[in-house]
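Only one structure is covered here, and it is reproduced in the block below.
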Amino acid sequence: MEQTLDTKALNTRVLDPKVLQEPQAAAEAAGREAPSGTAPMYDLIELLFFAYRDFVGDPDRLLESLRFGRAHHRVLHFIHRNPGLTIAELLDILRITKQSLNRVLKELLDERFVEQRTGTADRRQRRLFLTAKGSTLALDLSVLQSQRFTRALAQLPESARADATRFFLAMIDPDERPRVEALVWRDREERQE
């Protein structure tokens, strides 16, 4: 027997301010119990969602004019920051399928934002580099996002950037942190704390 979801009743319960404030009430509205001792941090979850939405919204508008999307942005960003990156290394950073990367990479290659070069040590490797056009786009996208950071940090105490850096690192799985730190701060002088 197929169960139907009474969305009107669920929406009424979920949008009830009491339900939004009480994890157990929210869990009951969804038809299950909240795990003991774990109150959902809805404020942080939603703030992260909205901050990320706006953070990527600025570059999305520029990318849309080129008929590109967020996947193109990520590929451009990491090739820009790591010239000569192999496809295997890029797949490891992005954690996407080879099929997904191939579609995006083909478009960037066809439009001449990215170029592939054969590896010097291993001729089977394909190393990725941005063209001048790709570097300009990657830098424009980074500047847009940096401007948003600058505006936000200007409203906060001087320690905000270091605090944000520690917070973002703490959000990354502990076993991944050293690898991420090595990727983000290839040159240790670059790190600002």
Worksheet entry | Exposure proxy order (Cβ contacts within 10 Å, fewest to most) of E181, E176 | E176, E181
Response to the item:
Taking I45, I79 and counting other beta carbon atoms within 10 angstrom, the fewest-first order is I45, I79
Discussion item. Quick check on region 114-193: take the gyration tensor over C-alpha atoms, sort the square-rooted eigenvalues as a ≥ b ≥ c, and tell me if it's rounded (a/c under 1.5), prolate or oblate.
Written reply: oblate
Worksheet item: What does a probe at A154 reach in region 56-71, counting residues whose amide N is under 11 Å from the point 7 Å along Cα→Cβ?
Response: none
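FYI, it's all coordinate maths here, none of it is from the lab. None of these values were measured; they are calculated from a predicted model. Ideal geometry is used to build each Cβ from the backbone, glycine not excepted, and the neighbour counts take in all protein chains shown.
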